[in-house]
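The values are calculated or read from the model by the stated rules, or taken from the named source; none is laboratory data. Quick caveat: nothing in here was measured; it's all calculated off a predicted structure. Because the Cβ atoms are built from the backbone with ideal geometry, glycine has one as well, and the counts that use them run over all protein chains shown.
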Amino acid sequence: MQLFITGATGYIGGSVAAKLIAGGHRVRGLTRTPDGADKLKAAGIEPVIGSLVDRDVLAAAARAADAVIHTANSDDASSVEALLPALKGSGKRLIQTSGSSIIADRAAGEPSERVFHEDSVYEPLPERASRLVIDRKVLAAAHDGVHSIVIRPTLIYGRGRGAHAHSVQVPKMIAVAKKHGVPRHVGRGLNIWSHVHIDDVVDLYLLALERAPAGSLFYVENGECAMRTITEAIGRVLGNRPPQDWPVNEAFTELGAAAYTSYGSNSRVRAAKARAMLGWQPKGPTLIEEIERGCYRDEIRGAA
């Protein structure tokens with residue numbers, strides 16, 4: 001197959017592209033810069049020069065591909081509005097990357113008992129309302145001859161397989177520990193996030209490409225823990241330094257809105273649908289294993 005991937009220089013897109021290329025597929029990737037083009041070429045990906053606002057570029061690349069995997073920006077409506085008409089009536093697969101922060105709250109480090117699945121009814125935070133609109137538009141395109149699929153990863157961890165090796169949340173928490181000399185979590189850190197290893201995320205994308213019905217939505221998780229559990233693990237690697245509570249208004253000055261919608265929120269989901277419908281069987285190391293004995297250990301020790 002020939003695939004077109006947006007975000008091919010990124011964490012998810014680059015990792016998916018690497019696995020596809022290893023499996024003998026041809027991949028074209030969107031990039032804005034010559035430096036990005038060089039990185040794609042080095043990874044065996046044919047560069048497509050353009051950005052998410054270049055609708056003609058996106059449409060042409062989508063029409064030329066056998067399938068499209070959109071990983072560049074979950075909240076960008078313009079790119080989706082370019083891809084859907086280009087794929088209309090083609091029966092081609094379009095995988096839209098969303099995220100489980102779509103159901104996040106403003107808990108400021110407090111726990112929640114709410115657990116979501118694909119059919120749960122909820123009202124997203126204002127910051128995530130546009131993402132829900134995009135997800136629904138992509139899913140509805142199944143009625144217009146687009147084999148559309150939406151994937152909502154949770155907190156992703158582990159080393160990426162593409163040009164960009166690092167995710168967002170855990171590396172940022174490590175960076176905070178380096179800056180302050182001690183791990184910090186928003187509020188009491190009792191808020192809970194589901195999580196999943198990047199290798200297992202990649203496996204789910206490939207299974208969805210092969211098996212997912214048109215108009216299907218999948219959460220991606222393989223466990224969950226409180227943010228305090230993460231900072232405690234970072235603290236152990238730092239030499240048994242206990243984490244500190246971080247008032248959300250203070251965390252906001254360093255983390256921005258993510259202090260509320262990510263690091264201080266709850267995002268608890270279940271991926272039973274992916275397991276049952278696609279036969280997905282995650283097998284990557286746990287988040288705490290990666291922190292204490294895996295890809296994050298040396299990085300954390302550099303803060304000691």
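When A129 is tested against (1) touching a helix residue (DSSP H, G or I) at 6+ places or on another chain (Cβ under 6 Å); (2) not charged (D, E, K, R); (3) not in a strand (DSSP E or B), only condition (1) is not met.
Within the range 44-100, count every residue that is assigned to a helix (DSSP H, G or I) and crowded, with 18+ Cβ neighbours inside 10 Å.
Start the filter on the range 44-100 by keeping residues that are assigned to a helix (DSSP H, G or I), which leaves 55-64, 77-87, 100.
So of that shortlist, the ones also crowded, with 18+ Cβ neighbours inside 10 Å come out as 58, 61-62, 79-80, 82-84, 86-87, 100.
Number of matching residues: 11.
Filter the range 230-253 down to residues that are in a helix (DSSP H, G or I) and of a type outside the set (A, V, I, L, M, F, W, C) and give me whichever is farthest from C295 (Cα to Cα). Out of the qualifying residues, it is N249. Of all the numbered requirements in (1) at pLDDT 95 or above; (2) buried (at least 19 other Cβ atoms within 10 Å of the Cβ); (3) more than 16 Å from the chain's Cα centre (by Cα); (4) farther than 26 Å from R114 by Cα, G264 misses one, and that requirement is (4). Residues in the range 141-178 that are small (G, A, S), surrounded by fewer than 17 Cβ atoms within 10 Å (Cβ to Cβ) and either touching a residue at least 60 places away in the same chain (Cβ under 8 Å) or closer than 30 Å to I291 by Cβ (or both): A142, A165, A175.
State the number of residues belonging to the range 267-294 that are in a loop (DSSP other than H, G, I, E, B) and either at pLDDT below 95 or under 15 Å from M227 (Cα atoms) (or both).
First, the residues of the range 267-294 that are in a loop (DSSP other than H, G, I, E, B): 268, 270-271, 279-286, 293-294.
Filter again for either at pLDDT below 95 or under 15 Å from M227 (Cα atoms) (or both), leaving 268, 286.
Residues meeting the conditions: 2.
Evaluate the range 164-172: report whether one residue or more is more than 26 Å from W246 (Cα to Cα) and either aliphatic (A, V, I, L, M) or in the same structural domain as T6 (by TED's automatic domain parsing) (or both). Yes, some residue in the range 164-172 is more than 26 Å from W246 (Cα to Cα) and either aliphatic (A, V, I, L, M) or in the same structural domain as T6 (by TED's automatic domain parsing) (or both). Taken together, S90, S100 contain a single residue that is touching a residue at least 24 places away in the same chain (Cβ under 8 Å) and more than 22 Å from the chain's Cα centre (by Cα), which is S90. Please determine whether any residue of the range 219-237 is touching a helix residue (DSSP H, G or I) at 6+ places or on another chain (Cβ under 9 Å) and free of Cβ contacts under 8 Å to residues at least 24 places away in the same chain. Within the range 219-237, not a single residue is touching a helix residue (DSSP H, G or I) at 6+ places or on another chain (Cβ under 9 Å) and free of Cβ contacts under 8 Å to residues at least 24 places away in the same chain. Considering V220, V269, V202, the condition of being β-branched (V, I, T), within 21 Å of the chain's Cα centre (by Cα) and over 23 Å from A104 (Cβ atoms) is satisfied by V202 alone. Annotation note: Cβ proximity below 9 Å between a residue of the range 110-128 that is of a type in the set (F, W, Y) and a residue that is in a loop (DSSP other than H, G, I, E, B) (sequence gap 6+ or interchain) occurs for F116/Y122; F116/R268; F116/R270; Y122/R114.
Which one of R63, R26 is out of contact with any Gly (no Cβ under 6 Å at 6 or more places or on another chain) and over 22 Å from A142 (Cβ atoms)?
Numbers: R63 fails: over 22 Å from A142 (Cβ atoms).
Of R63, R26, the one residue that is out of contact with any Gly (no Cβ under 6 Å at 6 or more places or on another chain) and over 22 Å from A142 (Cβ atoms) is R26.
Only one of E221, E232, E254 is more than 30 Å from G145 (Cβ to Cβ) and surrounded by 22 or more Cβ atoms within 10 Å (Cβ to Cβ); which?
Numbers: E232 fails: surrounded by 22 or more Cβ atoms within 10 Å (Cβ to Cβ); E254 fails: surrounded by 22 or more Cβ atoms within 10 Å (Cβ to Cβ).
It is E221.
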